[in-house]
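Please treat every number below as a calculation from the coordinates, not as lab data. Computed from a predicted model, the values in this text were never measured in an experiment. Note that we place each Cβ from the backbone using ideal geometry, even for glycine, and neighbour counts take in every protein chain shown.
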Amino acid sequence: MRVAQGWVGGGYGSMAIPRIGHEVIISYLEADPDQPLITGRTYHAVNRPPYPLPAYKTRTVIRTQSHKADGFNELRFEDEAGEEQIWVHAQKDLDLLTLNDRTEDIKRDSTLHVFRDRTTDIDRDETRTVHRHEVHTVHGNETHTVDGNQTFTVHKNRRKTVDGNETDRIGKNWSSKVGKNKTETVGKAYLQNVGMGYSLNVRAIMNTLVGLSKSTQVGLNHSLNVGRNITLKAGKQLTLQVGNSRLVLTEDAIYLDAGEIHVKAGTKVHVDGPDDVLLNTGTAQPAPGSAEESDGPEPSDAKSPGW
């Protein structure tokens, strides 16, 4: 049976097929009972409107009903002054297709709640501008992948807090430039491993403070070049040792201990002692810290004539 529709055309228009239980209005073409035509439908005492009347008299509604189920799809227009609204309800899926451009203007706020997963796929570029503040919260894990270059610019301050561990892995070079001051605070140990060269350039003043001990180990050569003065100060003892040769400086004495000692001066050699100058040709007094210090004999009191 033919059913009149609100709008029809060749392959386009609107279509709503009456279902079992609908009350329809039937007309007959040229009063011929063999040519019935449904020209309309109406509500009745059993089939009520989607919203009760007259309470919702300002609503225009297109509501369908799921086949042999309780769901529905709906497009609703509310025209009450001050409460105007367009409401869309999809019982299952909602698919939108735009073959060209799409523009959406929201004059106030916008809220989106996705109860499961969301995927966004952009074939070309994306530009987003936030004119005030932005808050980004991820309760699980987050992964960012950039196949090309990335530029990150902060015009004021930036603060980063990592409650657990952080690992940086850079395949090639890493450059860091600080315009003014930089402070690093490490609660426990600080370890640096450099595969080849390490260069530190301080143009003005450099201070190093170690609370307890400091150890430096060089596998081959160590060179120290000072333009003017150098001062080494030890509270108790300073020791220079090469093989079995030792130069020991204590609070009140200097000890030179070696298999042979050679002193060469271009003009003069001065040895001054306000009281005595002792030369011991026997067993010499060992330097502090040497193996012989505890059991070696005392030096003699022989005075060298002329010294």
**Request:** Would you mind checking the radius of gyration and Dmax of the range 1-48 based on alpha-carbon positions, in Å?
**Result:** 12.3, 36
**For the range 65-73, 3J(HN,Hα) per residue [Karplus equation, 6.51 cos²θ - 1.76 cosθ + 1.60, θ = phi - 60°, Hz, x = Gly/Pro]** = 10, 4, 5, 6, 7, 9, x, 7, 10
**Asked** Using the Cβ atoms and a cut-off under 14 Å, what net charge is assigned to the surroundings of residue 57, where Lys and Arg are +1 and Asp and Glu are -1?
**Response** -2
**Item:** Per residue Cα convex hull volume in Å³ - calculated over the range 88-182
**Value:** 229
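Please give the peptides 271-282, 104-115 ranked by average Cβ packing (other Cβ atoms within 10 Å per residue), highest first, as a rough proxy for protection.
For the peptides 271-282, 104-115, the packing ranking is 271-282, 104-115.
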**Asked** Which peptide among 201-211, 22-32 comes first, and what is the full order, when sorted by highest mean count of other Cβ atoms within 10 Å?
**Response** 22-32, 201-211
**Item:** Anisotropy class of the chain from Cα gyration tensor, a/c 1.5 cut
**Value:** prolate
**Message:** To make sure I understand the rule: partners must be lysines, Cα under 26 Å from the Cα of residue 236, and not fewer than 8 residues away in the same chain. Which ones qualify?
**Reply:** 214
**Prompt:** How large is the convex hull of the Cα atoms of the range 1-89 per residue, expressed in Å³ as a whole number?
**Reply:** 162
**Message:** I'd like the antiparallel share, as a percent to the nearest 5, of DSSP beta bridges with both residues in the chain.
**Reply:** 95
**Prompt:** Taking residue 172 as the anchor, which lysines have their alpha carbon closer than 28 Å to its alpha carbon, excluding any fewer than eight residues away along the same chain?
**Reply:** 160, 180, 182
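Express the relative contact order of the chain as a whole percentage, based on alpha carbon pairs under 8 Å and six or more residues apart in sequence. Can you show the working numbers first?
Details: 205 pairs, mean separation 16.1, N = 307.
This gives 5 percent for the chain.
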